[in-house]
1. Go through (1) over 16 Å from the mean Cα position of the chain (by Cα); (2) in a helix (DSSP H, G or I) and name the single condition VAL124 misses.
2. Hey, any hits in the range 44-66 for a residue that's touching an Asp or Glu at 6+ places or on another chain (Cβ under 7 Å) and outside any helix (DSSP H, G or I)?
3. Filter the range 86-115 for residues that are more than 16 Å from the ligand (Cβ to nearest atom) and among the polar types (S, T, N, Q); which is least open to solvent (accessible area, probe 1.4 Å)?
4. For the range 140-179, give me the residue count where each residue is open to solvent by 20 Å² or more (accessible area, probe 1.4 Å) and within 16 Å of the ligand (Cβ to nearest atom).
5. What about GLU32, is it in contact with a Lys or Arg (Cβ under 6 Å, 6 or more places away or on another chain) and either more than 16 Å from the ligand (Cβ to nearest atom) or open to solvent by 40 Å² or more (accessible area, probe 1.4 Å) (or both)?
Amino acid sequence: MARKPLMAGNWKMNLNHVEAVGLLQKLTWTLEDKKHDPDKSEVVVLPPFTDLRTVQTLVDGDRLEIGYGAQDVSAFDNGAYTGDISADMLVKLGCRYVVVGHSERRRFHGEDDNIVNAKTLKAVSRGMVPIVCVGERLAVREQFRHVPDTLHHVEGALVGLTSDQVANMVIAYEPVWAIGTGRVATPEDAQEVCTAIRGWIRERHGGEVSDRIRILYGGSVNARNVAALMAQSDIDGCLVGAASLKVDEFSAIARFYEMPVI
Ligand code: PEP
């Protein structure tokens, strides 16, 4: 079954709502100018919470062919959770996607697999598509434990999800040592882990689900390395950090299908 490639730009804590308008408009013009084919890749931006209302207004008002979502969601419905944002609030803002368990949330906010699982369940219960981030630290890779370590994260994140929910979610394999370092995984290394994730899904949820779920690679993706990554059979797209803040770069990543594999 053909899985539509997904290119998701994680803006992290960058761009205020005014700057978001500028980037989105320029991204739209560039994609149009370069004749991006939306059937060949789905383009999504993941701005900070404070930009979401503005992004919603722009995407809806101008009928942009760009999806959007949030970078985190609370595991709770409402109440005394200062600073948190609920799934219902994100749904009201039109968010289709939400990142869960990014390594920066795990590192700076102490999120473990239980919290990631609770957030994933909350997102799917509200009809959003979670982009669940998994991936090993450098020390784990150096001990060649990257596959079991990553599968352990996958198992923890997916507790209690139905096969149908799993089929519609997104998993992003993001080795921690590759995020923001300029040290991209080789296509073969990324494929090894993405294949293992798909195999794990197949064992637990069957071939139809493992054929449908989209598995992304993330970590120092740019316009030069994206085509080789996307040539791998189990990589269905990329979660892009720094390069998603540069319009020409992100637009080239979205058009990976035009690039030579080098
Ligand atoms: C990320 O933030 O998920 C990420 C992959 O960042 P970068 O592309 O900058 O490595």
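The values are calculated or read from the model by the stated rules, or taken from the named source; none is laboratory data. Nothing here was measured: the structure is a model prediction, and the numbers come from that model. Neighbour counts are summed over all protein chains in view; Cβ atoms, including those assigned to glycine, are modelled from backbone coordinates with ideal geometry. The accessibility values were calculated without ligands, DNA or RNA, using every heavy atom of the protein model including side chains. Shrake-Rupley method; radii C 1.70, N 1.55, O 1.52, S 1.80 Å.
1. Checking VAL124 against (1) over 16 Å from the mean Cα position of the chain (by Cα); (2) in a helix (DSSP H, G or I), the one that fails is (1).
2. no
3. Among those that are more than 16 Å from the ligand (Cβ to nearest atom) and among the polar types (S, T, N, Q), it is SER86.
4. 5
5. Against the criterion (in contact with a Lys or Arg (Cβ under 6 Å, 6 or more places away or on another chain) and either more than 16 Å from the ligand (Cβ to nearest atom) or open to solvent by 40 Å² or more (accessible area, probe 1.4 Å) (or both)), GLU32 does not qualify.
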